[in-house]
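Novice: Can you read through this structure? Questions will come right after.
The values are calculated or read from the model by the stated rules, or taken from the named source; none is laboratory data. The structure displayed is predicted, hence computed values, not measured ones. Ideal geometry is used to build each Cβ from the backbone, glycine not excepted, and the neighbour counts take in all protein chains shown.
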Amino acid sequence: MQNSGTFKSSMGYRKRQLFMVLSGIFLTNALLAELIGVKIFSGEGVFGLAGAQIPVLGTKFDFNLTAGVIIWPVVFITTDIINEYFGKDGVKRISFLTAGLIAYAFVVIVAATWLPPAPFWQEVNSQGPNGAPFDMDYAYNRVFRQGLGIIVGSLVAFLVGQLLDAHVFHWLKHLTGSRKIWLRATGSTLVSQLVDTVVVLFIAFYLFGDWSLTLVLSVSVINYLYKFTVAVLLTPLLYLAHGVIDRYLANDQDVPFDTFISKD
């Protein structure tokens with residue numbers, strides 16, 4: 001298996017292409033998860049089941065999850081693959097870039113919600129189901145405009161989780177060498193996502209909101225149970241990805257960066 005503890009400025013053509021593809025997948029899914037995360041859906045409702053009413057810290061909760069968790073597992077796997085082939089430096093580069101672009105996206109979205117709606121647009125969309133009055137501009141703003149607490153919480157939790165994942169991954173790799181991919185991949189994900197889950201809810205709904213600490217911890221447990229289960233179930237997929245990538249990189253050779261720049 002080709003591996004790198006640090007991100008090199010000179011690397012094989014195929015490995016450079018791999019980093020670009022993985023970065024695109026990582027960035028796209030992380031940004032989408034933040035944008036669709038405003039919707040909370042019923043996990044039981046997906047399967048037509050009644051609420052689970054799981055007792056957590058003296059309160060009963062259903063599996064109500066943010067829509068972002070649907071694609072967040074893709075970020076788990078991509079992070080582990082970048083960790084394996086490009087080291088902590090690779091993870092840090094794409095994590096800071098993604099955090100900056102997420103912040104930029106939120107600024108653009110907030111600016112868009114401040115734009116005055118066109119009267120005809122409001123009128124055309126003035127009725128909901130069964131002819132009920134509907135304020136399209138209000139609905140648009142409610143969906144896209146997230147509170148400061150959620151924005152701050154998401155960005156802090158994302159960066160803390162990603163950097164923690166990178167360090168735990170390589171600490172476990174130091175202990176196991178090239179063996180036990182499942183341990184360093186799953187172990188780092190379980191630790192980082194525990195912190196990520198608690199941090200985002202604590203900042204968004206405790207520091208900036210009116211949730212009690214008990215409620216924050218209770219909802220964190222429900223969301224983490226999902227992430228824990230998914231991380232374990234995706235382990236075989238990680239091995240499959242490693243096999244495919246190793247074959248792809250088998251005959252790769254180091255190429256200086258300026259080789260990729262056309263010259264007249």
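Novice: Spot the failing condition for L207; the list is (1) in contact (Cβ under 8 Å) with a residue 40 or more places away in the chain; (2) over 18 Å from L65 (Cβ atoms); (3) in contact with a Phe, Trp or Tyr (Cβ under 7 Å, 6 or more places away or on another chain), and only one is missed.
Specialist: That leaves (3) as the condition not met.
Novice: Here's something else I'd like to know. Is there a residue in segment 118-129 that is surrounded by 16 or more Cβ atoms within 10 Å (Cβ to Cβ), assigned to a helix (DSSP H, G or I) and free of Cβ contacts under 8 Å to residues at least 60 places away in the same chain?
Specialist: No, there is no match, as no residue in segment 118-129 is surrounded by 16 or more Cβ atoms within 10 Å (Cβ to Cβ), assigned to a helix (DSSP H, G or I) and free of Cβ contacts under 8 Å to residues at least 60 places away in the same chain.
Novice: Looking at (1) over 30 Å from L18 (Cα atoms); (2) free of Cβ contacts under 8 Å to residues at least 40 places away in the same chain, which one does V160 not meet, given that it meets all the others?
Specialist: Unmet for V160, out of (1) over 30 Å from L18 (Cα atoms); (2) free of Cβ contacts under 8 Å to residues at least 40 places away in the same chain: (1).
Novice: Pick from V195, V232: which is in contact with a Gly (Cβ under 7 Å, 6 or more places away or on another chain), free of Cβ contacts under 8 Å to residues at least 60 places away in the same chain, among the aliphatic types (A, V, I, L, M) and surrounded by fewer than 19 Cβ atoms within 10 Å (Cβ to Cβ)?
Specialist: Sole residue among the options that is in contact with a Gly (Cβ under 7 Å, 6 or more places away or on another chain), free of Cβ contacts under 8 Å to residues at least 60 places away in the same chain, among the aliphatic types (A, V, I, L, M) and surrounded by fewer than 19 Cβ atoms within 10 Å (Cβ to Cβ): V195.
Novice: Collect the residues in segment 218-243 that are closer than 19 Å to I150 by Cα and within 20 Å of the chain's Cα centre (by Cα), keeping them in residue-number order.
Specialist: If the condition is that a residue be closer than 19 Å to I150 by Cα and within 20 Å of the chain's Cα centre (by Cα), then V219, S220, V221, I222, N223, Y224 are the ones that fit.
Novice: Tell me, which residue of segment 139-175 that is basic (K, R) and part of a helix (DSSP H, G or I) is nearest to Q127 (Cα to Cα)?
Specialist: R142
Novice: With the requirement that a residue be without any contact (Cβ under 8 Å) to a residue 60 or more places away in the chain and farther than 23 Å from L190 by Cβ, what does segment 42-61 give you?
Specialist: Matches in segment 42-61: S42, E44, G45, V46, F47, G48, L49, A50, G51, Q53, K60.
Novice: Would you check if F202 is assigned to a helix (DSSP H, G or I), modelled with pLDDT of 85 or more and closer than 22 Å to K39 by Cα?
Specialist: yes
Novice: Testing I181 on (1) under 30 Å from G58 (Cβ atoms); (2) at pLDDT below 80, one condition comes back false. Which one is that?
Specialist: Going through (1) under 30 Å from G58 (Cβ atoms); (2) at pLDDT below 80 one by one, I181 breaks only (1).
Novice: Sticking with this structure for a sec: Exactly one condition in (1) assigned to a helix (DSSP H, G or I); (2) modelled with pLDDT under 80 is not met by S262; state its number.
Specialist: Answer for S262: the failing condition is (1).
Novice: In segment 145-172, which residues are at pLDDT below 80 and crowded, with 19+ Cβ neighbours inside 10 Å?
Specialist: Once the filter is applied, which keeps residues that are at pLDDT below 80 and crowded, with 19+ Cβ neighbours inside 10 Å, segment 145-172 yields Q146, I150, I151.
Novice: Turning to a different aspect of this structure: Return yes when V91 is closer than 30 Å to D210 by Cβ and out of contact with any strand residue (DSSP E or B) (no Cβ under 9 Å at 6 or more places or on another chain) and no when it is not.
Specialist: no
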